[in-house]
Amino acid sequence: SQQGEEDPQALSIQEGENATMNCSYKTSINNLQWYRQNSGRGLVHLILIRSNEREKHSGRLRVTLDTSKKSSSLLITASRAADTASYFCATDAGGSNYKLTFGKGTLLTVNP
Amino acid sequence: GAVVSQHPSWVICKSGTSVKIECRSLDFQATTMFWYRQFPKQSLMLMATSNEGSKATYEQGVEKDKFLINHASLTLSTLTVTSAHPEDSSFYICSASGRNYFGPGTRLTVL
């Protein structure tokens, strides 16, 4: 079932601006991950944040996790045209397998 | 790093035919693989969990007799779309055991 809800569904910004995408989920999680998908292509893993972590950085990416609100945000700083893609959050409940529940995604367009 | 491959990357078939998609883990063994489906402009939806040496576990609403899954070895899972129809046209993506290991996807178009 679809657990995550991304907000906004679509975001258009100018190159150099920051982009913030939010994700909410409904049930308890073990980890939350963010993925990028260029049109018609496979998934690129961006970052994983564990349920006991509140913030994580990777290059121009910053992810926050608020388990009390069951929400996460992905911030891309100093965006580039190449960042244009769909971004999905995905959660897993832990255990011995890694079945992921994906959010609906945010389509980010970075205009040059 | 770990690599998961899928074959074919795209396929076009006639309505009523069956199509087999392979998912391989190239440098590690995967006791569990997952099959996802993504319709245009939508998110990924888990279809089934493929378990090596045992029956697959299907998500609610996914017909197990239509989407046959075989996980005969620790490096290969196959998804066969039987009697494909245009509504089965989608992007099928597999992942293997680890949370980050996704295949590149297979685009199926049923005419």
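What follows is calculated from the coordinates using simple rules that are stated; it is not laboratory data. Since this is a predicted model, take the numbers as computed values, not measurements. A quick note on method: Cβ atoms are made from the backbone with ideal geometry, for glycine too, and the neighbour counts reach across all protein chains shown.
Counting other C-beta atoms within 10 Å, and keeping those with at most 11, which DSSP coil trypsin sites (Lys or Arg not before Pro) do you find in segment B:17-68?
Values: sites: B:Lys20, B:Arg24, B:Arg37, B:Lys41, B:Lys55, B:Lys64, B:Lys66; in loops: B:Lys41, B:Lys55, B:Lys64, B:Lys66.
Those satisfying the criteria are B:Lys41.
Hey, could you pull the Cα Rg and Dmax for chain A, both in Å?
When restricted to the Cα atoms of chain A, Rg and Dmax are 13.3, 44 Å.
Once you place label points 7 Å from the Cα toward the Cβ at A:Arg60 and B:Thr82, how far apart are they in nm?
Simple spin-label model gives 4.9 nm for this pair.
Would you calculate the volume per residue, in Å³, of the smallest convex hull containing every Cα atom of the protein assembly as shown?
Looking at the protein assembly as shown, the number lands at 119 Å³ per residue.
What size of dipole, in debye to the nearest 20, comes out for chain A about its Cα centre when the only charges are +1 on Lys and Arg C-beta atoms and -1 on Asp and Glu C-beta atoms?
Here chain A has a charge dipole of around 260 debye.
Check which residues have an amide H placed less than 5 Å from A:Asn30's amide H, if you skip close sequence neighbours.
A:Asp92, A:Ala93, A:Gly94
Let's test the formula: R0 of 35 Å, r as the Cβ-Cβ distance of B:Thr31 and B:Gln60. What FRET efficiency results, to the nearest 0.05?
Working: r = 23 Å, r/R0 = 0.66.
Taking R0 as 35 Å, the efficiency between B:Thr31 and B:Gln60 is 0.90.
All other residues with a Cβ under 13 Å from the Cβ of B:Tyr58 taken together, and with Lys, Arg as +1 and Asp, Glu as -1, what is their net charge?
Here the charged neighbours net out to +2.
So for segment B:15-60, Kirkwood radius off the Cα pairs, Stokes-Einstein at 10 °C and 1.306 mPa s: how many µm² s⁻¹?
Using the Kirkwood radius from Cα pairs, D works out to 126 µm²/s.
Which net charge results for the neighbourhood of B:Leu76, defined as the other residues with beta-carbon distances under 12 angstrom from its beta-carbon, given Lys and Arg at +1 and Asp and Glu at -1?
Taking every other residue near B:Leu76 into account, the sum is 0.
I need the fraction of alpha carbon pairs in chain B separated by more than 20 Å, rounded to a whole percent.
Roughly 33 percent, once rounded to a whole number.
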